[in-house]
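FYI, it's all coordinate maths here, none of it is from the lab. As the structure is a computational prediction, the values presented were derived from the model and not from experiment. Quick reminder, even Gly has a Cβ in these numbers, built from the backbone with ideal geometry, and neighbours come from all protein chains shown.
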């Protein structure tokens, strides 16, 4: 047995020749070079229109997605801006209200303490009874009463400094002054016009007489 291998022994020469001749005939066939028919052109145009329609629908879908994304971005930006703004406002508001609440609570506590002190001072002043003082302890009771009144005055003055509301005068104190001012023009308003003329003449005739006498004296001096 020979050891040399010959690859041509397994090749069918007739099959290859027939296959090559078929491919050459198909390539040189006049059918592949013919002009397309109208039906084929119409079909190609229809396919092109269909593809354009599909592309247009895809473009519209992309436009809708883009608009939706832009709206989402706008709303997200609005959310971030609004959240930052409200955090600043609310933080400032909470701080101001906490400070105001603390001041109000402090003022309320101070007012409550002052009210208690005033009530205590009022009770001590009202507890002074002069009729119970005897001749033996009159001086001692008087000194004690003066001390109580002075302490009450100190409490009152301190309360007025803390709370300006206590320094306002009641309206009843201002009414007598207003009434007095209103009654002044009523003094002459009770007289009639004739009575007023007689009253004016009675008040001015001495002055008129003095003036008249002065003129007469001057005239006499000029004659001499």
Legend entry - At R0 = 45 Å, FRET efficiency that the Cβ-Cβ distance of residue 48 and residue 88 yields, to 0.05: 0.15
Inset, instruction - Compute the length gained on full extension between residue 149 and residue 124: take 0.36 nm times their separation in residues and subtract their Cα-Cα distance, giving the result in nm to one decimal. - result: 8.2 nm
Inset, instruction - Starting from the Cα of residue 70, step 7 Å along the direction of its Cβ; do the same at residue 105; then give the gap between the two resulting points in nm. - result: 5.3 nm
Inset, instruction - Mind giving me the nanometre distance, one decimal, between the label points for residue 132 and residue 61, set 7 Å out from Cα along Cα→Cβ? - result: 10.4 nm
Legend entry - Segment residue 157-residue 39, extension gain: residue separation times 0.36 nm, minus the distance between their alpha carbons: 30.9 nm
